[in-house]
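Remarks on the structure that follows.
A short reminder: the numbers here are calculations on the coordinates, not readings from a lab. None of these values were measured; they are calculated from a predicted model. Neighbour counts run over all protein chains shown; Cβ positions are idealised from the backbone, glycine included.
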Number of protein chains: 2
Amino acid sequence: MSDHAQATIRQIMDSPSFRRAVDVITAEHDRMVRDIITLTEIESPPFNENVRAKAWLEMARAHGLTDLEMDAEGNITGMRRGAGNGRTVCVAAHLDTVFPGGTDVKVRRKGTKLFAPGIGDDTRSLAVILAWLRALDAAGITTRDDILFVADVGEEGLGDLRGVRHLFQKGQYKDRISAFITVDSPDMDRIVTGAVGSKRYRVTFNGPGGHSYGAFGLVSPMFAMADAVSRLGRVPVPDKPKTTYSASVTGGGTSINAIPNSVWTDFDLRSESPAELDRLEQRFMDIIDASVKAENGLRSTRNGAVTADIVKVGDRPAGATPENHELVRFAQAAIEAHGFETRFEYSSTDANIPMSMGIPAIKIGSGGYGGRQHSLEEWIDVEPDASIRGMAAGLATVLALAGVAE
Amino acid sequence: MSDHAQATIRQIMDSPSFRRAVDVITAEHDRMVRDIITLTEIESPPFNENVRAKAWLEMARAHGLTDLEMDAEGNITGMRRGAGNGRTVCVAAHLDTVFPGGTDVKVRRKGTKLFAPGIGDDTRSLAVILAWLRALDAAGITTRDDILFVADVGEEGLGDLRGVRHLFQKGQYKDRISAFITVDSPDMDRIVTGAVGSKRYRVTFNGPGGHSYGAFGLVSPMFAMADAVSRLGRVPVPDKPKTTYSASVTGGGTSINAIPNSVWTDFDLRSESPAELDRLEQRFMDIIDASVKAENGLRSTRNGAVTADIVKVGDRPAGATPENHELVRFAQAAIEAHGFETRFEYSSTDANIPMSMGIPAIKIGSGGYGGRQHSLEEWIDVEPDASIRGMAAGLATVLALAGVAE
């Protein structure tokens with residue numbers, strides 16, 4: 001641990017203005033929880049974050065940001081001006097959830113635990129950023145750097161990081177952001193310093209179709225697909241560098257009494273290591289090929305053979321921020337100073353994009369605890385102590401990065 | 001071949017009134033083809049046959065049927081009164097297709113071949129029945145028996161024969177129908193005298209779900225389902241009695257970066273033999289069980305195990321009309337007298353219901369040729385010679401059954 005980072009964090013934490021900010025966070029914790037519930041109950045499926053985005057924009061409006069607006073991709077961006085002549089750093093959380101429209105997003109409360117799809121990943125962070133803005137305002141803190149606050153779209157799934165990709169590669173802030181912090185999911189102990197690379201495919205298996213009884217014996221794309229998914233499920237992958245696969249979403253077929261002519265599955269392949277990801281991708285392609293060949297060998301192709309149409313639907317670059325980088329050290333010092341353990345992880349987050357471009361970036365937690373992300377049983381715990389300590393640690397990290405003006 | 005059946009058919013075919021009827025069918029063949037196109041282009045997905053049903057009812061209105069109406073299940077029924085004191089026989093075709101709403105049902109024409117989903121199975125038959133009615137009217141033919149003409153719903157797939165089930169078991173004509181002819185699909189050479197039994201299941205595989213990367217290693221219902229489908233695809237079944245299976249429609253999952261918590265597949269199991277069907281069903285149940293157990297053994301169940309929820313969605317009774325029954329003999333004699341070969345088959349049609357109740361029933365063709373049923377490439381050939389000969393053969397069968405009044 002660098003003495004410089006620890007000293008910087010200590011200095012921030014000891015300052016009366018930071019203490020005032022934490023007092024505001026503490027006093028307004030219930031309000032923050034209400035914001036979490038409000039935002040969680042506005043569904044925000046992939047490619048349809050618009051309603052939640054506008055709600056967040058309205059909630060952010062009171063907080064003195066300049067140029068608060070929705071950009072061309074659907075991100076909400078707003079600048080909190082620093083003392084002047086500083087650089088621009090960015091603090092983001094994502095608007096989208098993995099859950100399709102129509103999912104029940106009503107929050108259920110059980111003591112300090114709140115249950116709802118998307119509540120921790122990443123809705124709590126959207127409310128935490130608003131709480132930070134209120135605390136900074138109330139404590140009268142001016143930073144050295146400008147801070148661009150962003151509620152971005154398209155972090156999950158087929159969104160393929162489109163929001164942050166736009167921010168760094170196309171939007172008006174392109175080439176202006178010096179460092180990036182994404183606040184994503186509650187747990188403080190996991191600091192993401194590396195970008196898990198991912199390749200995502202939709203594979204559509206096509207065949208001649210036909211009557212389930214009359215045409216029995218013809219090849220079926222369903223059997224080819226099942227064979228491919230089944231083979232993938234038996235592929236060994238290393239624990240380190242962590243490498244994973246998932247057959248995630250499926251569909252197809254027309255009627256229970258018809259051999260389907262088209263079925264599809266979405267696949268997600270990931271690795272911390274570009275080399276392992278390439279190896280897994282090659283194995284995956286070989287499996288699709290082998291399963292199609294096996295089906296065409298097993299049943300009749302007299303009305304046509306089964307084929308596979310492989311479309312890449314996601315490609316997230318790998319990358320990393322060195323563990324000795326100032327940004328990582330600030331986060332580690334701030335989080336440990338607030339009583340949490342820390343460990344460094346690779347993951348696939350909005351930070352993939354800046355990491356892959358060589359811009360320092362990390363993911364930190366939003367405070368408190370949570371679990372079962374991406375499942376309908378997702379939950380967070382808003383018990384105030386760990387929730388507030390986490391929010392204070394995150395704010396200290398942001399202030400260490402952006403500097404506090406004298 | 002019974003002399004009685006051949007003699008009856010010969011007498012009908014030699015009668016001036018039948019010849020007039022065939023002349024009308026011939027003269028109006030183009031109109032019948034236009035009716036096929038009109039009806040085919042009104043989509044008629046399972047459980048949503050309403051628009052086509054009403055269109056057919058309007059088209060039938062000119063033909064002197066009494067009590068022409070839609071029944072509680074959605075069938076269109078209309079009685080053509082006989083000479084009086086006769087029994088009631090029923091002639092039916094089905095309104096529904098296997099294709100879901102939104103399928104392109106525009107008819108493409110290539111010479112005498114017409115291509116469109118559902119055009120042969122069973123839309124042509126709906127137009128043929130109208131042509132028969134016009135021919136009977138124009139030729140002034142009165143039958144001995146009353147003939148109930150029916151355009152019924154729910155023959156395909158999950159419809160599970162609901163239209164004809166209602167007709168025979170609940171509706172106003174329950175207990176009144178003495179014999180049943182369903183006109184289904186073009187080919188004349190296939191006379192269905194036996195009902196293929198079927199068992200249909202929707203199997204939903206559930207699991208804990210989770211993040212595709214973070215929760216990698218947890219059990220996935222997708223892998224269990226793929227394994228089950230894959231195992232089913234390798235089950236040997238006898239050619240005779242013909243026994244078949246299909247994994248037909250599938251769906252599930254929420255996002256490409258989530259291990260799904262729920263996926264499902266619809267399965268169709270059939271056999272000419274109740275004993276073979278039971279054997280296949282047991283094998284199927286064993287496979288589901290084995291695949292669930294295998295997945296729970298292969299990956300972690302720490303957040304919950306994979307389970308399978310098996311729901312029966314179709315159960316069509318087997319049955320048969322003896323091949324020496326008068327109705328079968330009439331059809332065979334009429335069809336052969338019109339220059340077609342005949343063979344007897346087992347299938348799953350609207351005739352399953354009366355057959356299972358011991359009511360004489362057969363399926364005959366609507367004339368002409370066709371193929372690729374239940375696929376998007378479905379076609380019929382309306383080349384007039386085979387089309388008209390088929391229609392005449394069918395009409396002769398109906399008249400032999402219902403008797404011609406002196």
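On average, how many beta carbons from a partner chain sit within 10 Å of the beta carbon of a residue in B:340-353?
1
Need one number: the % of Cα-Cα pairs in the range B:151-309 sitting beyond the 18 Å mark.
Roughly 67 percent, once rounded to a whole number.
Expressed as a fraction of 2.2 N^0.38 Å, the rule-of-thumb size for a compact globular protein of N residues, what is the C-alpha radius of gyration of the range B:257-330?
Working: Rg = 19.6 Å, N = 74, 2.2 N^0.38 = 11.3 Å.
Ratio of Cα Rg to 2.2 N^0.38 Å: 1.73.
Taking the Cα atoms only, what angle lies between the long axis of helix B:221-232 and the longest principal axis of chain B, rounded to 10 degrees?
The answer is roughly 50 degrees.
Can you sort B:His325, A:His166, B:His4 so the residue with the fewest Cβ neighbours within 10 Å comes first? Spell out each step's value before the answer.
Numbers: B:His325 16, A:His166 21, B:His4 12.
The most exposed by this proxy come first: B:His4, B:His325, A:His166.
Taking the Cα centre of the range B:269-321 as origin, sum charge times position over the Cβ atoms of Lys and Arg (+1) and Asp and Glu (-1), and report the length of that vector in debye to the nearest 20.
Using only the charged Cβ atoms, the result is roughly 240 debye.
Would you list B:Thr97, A:Thr123 from fewest to most Cβ contacts within 10 Å?
B:Thr97, A:Thr123
To the nearest 20 debye, what is the magnitude of the charge dipole of the range B:75-230 about its Cα centre, counting +1 on the Cβ of each Lys and Arg and -1 on the Cβ of each Asp and Glu?
It comes to approximately 320 debye.
Are there trypsin sites (Lys or Arg not before Pro) in the range A:97-161 that DSSP puts in a loop and that have at most 13 other Cβ atoms within 10 Å, and which ones?
Here the sparse-neighbourhood loop sites are A:Lys106.
Charges on Cβ only, +1 for Lys and Arg, -1 for Asp and Glu, centred on the Cα centroid of the range B:284-342; of B:His325, B:Ile288, B:Ala337, which one is farthest towards the dipole's positive end?
Ranked along the dipole, the leading option is B:Ile288.
Note down, for the range B:329-380, the three equivalent ellipsoid semi-axes (square root of 5 times each alpha carbon gyration tensor eigenvalue), biggest first, whole angstrom.
Each semi-axis is the square root of five times an eigenvalue, giving 22, 19, 7 Å.
Enter the Cα centre distance for the pair the range B:167-214 and the range A:191-226, rounded to the nearest angstrom.
Between the Cα centres of the range B:167-214 and the range A:191-226 lies a distance of 27 Å.
Separation of the range B:235-288 and the range A:340-380 by C-alpha centroid, Å?
A separation of 41 Å, based on Cα centres.
Starting from the range A:180-278, pick out the trypsin sites (Lys or Arg not before Pro) whose DSSP state is loop and whose Cβ has at most 10 other Cβ atoms within 10 Å.
Sparse-neighbourhood loop trypsin sites (Lys or Arg not before Pro): A:Arg234.
Over all directions, average the projected area of the Cα convex hull of chain A and note it in nm².
20.7
Mind checking which of B:Thr123, B:Gly74, B:Ala226 is farthest towards the positive end of chain B's charge dipole, using Cβ charges of +1 (Lys, Arg) and -1 (Asp, Glu) about the Cα centre?
B:Ala226
About its Cα centre, what dipole magnitude does the protein assembly as shown give when the only charges are +1 on Lys and Arg Cβ and -1 on Asp and Glu Cβ, stated in debye to the nearest 20? List each step's numbers first, then the result.
Values: 90 positive and 108 negative charges, 56 e Å.
Rounded to the nearest 20 debye, it is 260 debye.
Where does helix A:16-27 land angle-wise versus the long Cα axis of chain A, in degrees 0 to 90, nearest 10?
Once rounded, one gets 50 degrees.
Along the charge dipole of the range B:351-403, Cβ charges K/R +1 and D/E -1, which of B:His374, B:Pro354, B:Ala393 sits furthest on the positive end?
Of the candidates, B:Pro354 comes out farthest on the positive side.
If you take every DSSP beta bridge fully contained in the protein assembly as shown, what fraction is antiparallel? Give it as a percent rounded to 5.
Numbers: 105 of 151 bridges.
Here the antiparallel bridges make up roughly 70 percent for the protein assembly as shown.
When only alpha-carbon atoms count, how far does the protein assembly as shown stretch along each of its three principal axes, as whole angstroms with the largest first?
Reported extents, whole Å, longest axis first: 114, 49, 48.
Show log10 I(q)/I(0) for the range A:141-191 at q = 0.21 Å⁻¹, two decimals, from a solvent-free Debye sum over equal Cα scatterers.
Computed log10 I(q)/I(0) values: -0.92.
Could you work out the helix-only [θ] at 222 nm for chain B, with each DSSP H run of four or more residues adding -39,500 (n - 2.57) and the total divided by the number of residues, to the nearest 500 deg cm²/dmol? Please list the in-between numbers first.
Working: 11 runs with 144 residues, N = 406.
After summing the helix terms and dividing by residue count, I get -11500 deg cm²/dmol.
Tell me the trypsin sites (Lys or Arg not before Pro) within the range A:297-350 that lie in a loop according to DSSP and have at most 14 other beta-carbon atoms within 10 Å.
In loop regions of the range A:297-350 (DSSP not H, G, I, E or B), the sparsely surrounded trypsin sites (Lys or Arg not before Pro) are A:Arg302.
Give the order of B:Ile359, A:Ile147 when sorted by the count of other beta carbons within 10 angstrom, beginning with the fewest.
With the sparsest Cβ surroundings first, the list reads B:Ile359, A:Ile147.
Can you give the average number of partner chain beta-carbon atoms within 10 Å of each beta-carbon in peptide B:221-228, as a whole number?
On the way: counts 0, 11, 8, 2, 5, 14, 6, 2.
Taking the mean over all residues of the peptide, I get 6.
Using only the alpha-carbon atoms, how far is helix A:50-60 inclined from the longest principal axis of chain A? Give it as 0 to 90 degrees, nearest 10.
Around 10 degrees separate the two axes.
Using only the alpha-carbon atoms of the range A:88-241 as identical scatterers, what base-10 log of I(q)/I(0) does the Debye formula give at q = 0.11, 0.13, 0.15 Å⁻¹?
So the normalised log intensities work out to -0.69, -0.87, -1.03.
Shielding by partners for A:205-211, please: the mean number of other protein chain Cβ atoms within 10 Å of each residue's Cβ.
Taking the mean over all residues of the peptide, I get 5.
Considering only the other residues whose Cβ falls under 12 Å of the Cβ of B:Lys54, what net charge follows from Lys and Arg at +1 and Asp and Glu at -1? Walk me through the numbers before you get to the answer.
Working: positive: B:Arg52, B:Arg61; negative: B:Glu49, B:Glu58, B:Glu69.
Summing Lys/Arg as +1 and Asp/Glu as -1 gives -1.
Return the percentage of antiparallel bridges among DSSP beta bridges fully within chain B, rounded to the nearest 5 %.
70
Could you work out the relative contact order of the range A:1-156, using alpha carbon pairs under 8 angstrom and six or more residues apart, expressed as a whole percent?
35
Divide, for the range B:245-373, the radius of gyration over alpha carbons by 2.2 N^0.38 Å, where N is the residue count.
For the range B:245-373, the normalised Cα radius of gyration is 1.56.
Between the range B:124-147 and the range B:50-81, what is the C-alpha centre distance in whole Å?
First find each Cα centre; the distance between them is then 14 Å.
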